[in-house]
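The next block holds one structure in the form of structure tokens; read it before the comments.
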Amino acid sequence: MFQLFDLSGRVAVVTGSTKGMGLEMARALGQAGARVVVSGRDAAVSESVAARLREADIDATGIACDIASTESVRAFAAKVLEKFGRVDALVLNAAGSGVAGSMLEQGPEVFDDVMAGNVRGNLVLVNALAPQMIERQDGSIIFMSSIAARRGSARLALYSISKGATDLAMRNLAQTLGPYNINVNSINPGPVRTDFSRDALWGDPEREKALAAGIPMRRIAEAVDVAGVAVLLASPAGRYISGQTIGVDGGATA
């Protein structure tokens, strides 16, 4: 019987992985045996983080990518394929939060920025890397979404829209790629303690207290709380899970 969570010999790409949830997912995938591509907008930072993972006996390579730039995304995909020849697991974690506030307060340029960083760039990368998965009839694609996709938000309006689009893109791709033995899913965290969410969600102690009060587990998540789900979906254990939005929210949407 195959090892359910063994990723030995497989290549995992994690965008937005120099810190926070992306870094913890890259670390967990590497600990499961995958060769990991660490990626952020800065090449030196990406390689520095990869070097730290290598010190922990994880096979990691840093390659820069700005997910909001189509040119950068395509160049990134080309570099990954040139070095590894394949991608087995693609984790689409890089994103932008936009500007907190009502939709009525934000113009089309803000909308364009949020959709470029949270939706368009991910689809460009999927289009660049999915063909080799289709050819091999094997692979896993994981979108990082949010419980914000499941309900409206006056404070994070455009972010919520972008994550709703992310989940629908995931479902469409699950339909398209399923016949090629490629599973596609979304991870939908609740509030997570990362630099990315500090200003909008937990930087104020009173706001964090209020957030935690609405979560059955009475705390917001730590970045590592998401990592195991990524390993599940990328591994043989999750090979028949597809088209799903998997909440990691301490019971907030129960």
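The values are calculated or read from the model by the stated rules, or taken from the named source; none is laboratory data. All of these numbers come straight from a predicted model, not from anything done at the bench. Every residue, glycine as well, gets a Cβ built from its backbone with ideal geometry; the counts of neighbours run over all protein chains shown. Calculation scope for accessible area: heavy atoms of the full protein, side chains included, ligands and nucleic acids excluded. Shrake-Rupley method; radii C 1.70, N 1.55, O 1.52, S 1.80 Å.
Can you divide the C-alpha Rg of segment 124-250 by 2.2 N^0.38 Å and report the result to two decimal places? If you can, show how the numbers build up before the last one.
Details: Rg = 16.0 Å, N = 127, 2.2 N^0.38 = 13.9 Å.
Dividing the Cα radius of gyration by 2.2 N^0.38 Å gives 1.16.
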THR70 paired with PHE84, simple spin-label distance in nm, labels 7 Å along Cα-to-beta-carbon: 2.5 nm
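Exactly which chymotrypsin sites (Phe, Trp or Tyr not before Pro) in segment 129-183 are in a DSSP loop and have at most 12 other Cβ atoms within 10 Å? If you can, show how the numbers build up before the last one.
On the way: sites: PHE143, TYR159, TYR180; in loops: none.
Sparse-neighbourhood loop chymotrypsin sites (Phe, Trp or Tyr not before Pro): none present.
Can you give the Kirkwood hydrodynamic radius of segment 206-253 from its Cα pairs, in Å with one decimal? Write down the numbers at each step before the final one.
Working: mean 1/r = 0.0814 Å⁻¹.
With all distinct Cα pairs of segment 206-253 included, I get 12.3 Å.
Which helices count as membrane-span-like in the chain under these terms: full DSSP H, at least 20 Å along the axis by C-alpha, Kyte-Doolittle mean of -0.5 or more?
Working: long enough: 70-84 (21 Å, 0.16); 121-136 (24 Å, 0.58); 157-177 (30 Å, 0.25).
Those that pass (Cα extent of 20 Å or more, hydropathy at least -0.5) are 70-84, 121-136, 157-177.
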When the convex hull of its Cα atoms is projected in every direction, mean area for the chain (nm²): 13.5 nm²
Long-range tail of P(r) for segment 55-139 (Cα pairs > 20 Å, %): 45 percent
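Enter the accessible area per residue of segment 79-128 (Å², integer; probe 1.4 Å; all protein chains in place).
For segment 79-128, the per-residue accessible area is 49 Å².
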Distance between modelled label sites at GLU105 and VAL45, nm, 7 Å Cα→Cβ extension: 2.6 nm
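Multiply the residue separation of ARG219 and THR253 by 0.36 nm, subtract the distance between their alpha-carbon atoms, and state the gained length in nm to one decimal.
On the way: separation 34, 0.36 × 34 = 12.24 nm, distance 1.39 nm.
Here the answer is 10.8 nm.
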Additional length obtainable on full extension of the chain from ASP138 to THR176, 0.36 nm per residue less Cα span: 12.3 nm
Calculated Rg and Dmax of segment 1-109 using C-alpha coordinates, Å: 15.5, 56
Gaussian network model of the chain, Cα within-10 Å springs - most flexible of VAL124, VAL231, VAL36: VAL124
Alpha-carbon centroids, segment 45-111 and segment 138-167: separation in whole Å: 17 Å
Radius ratio Rg over Rh of segment 123-196, counting only Cα atoms, Kirkwood formula for Rh: 1.05
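Rounded to two decimals, what is the ratio between the C-alpha radius of gyration of segment 5-52 and 2.2 N^0.38 Å? Write down the numbers at each step before the final one.
Details: Rg = 10.1 Å, N = 48, 2.2 N^0.38 = 9.6 Å.
Ratio of Cα Rg to 2.2 N^0.38 Å: 1.05.
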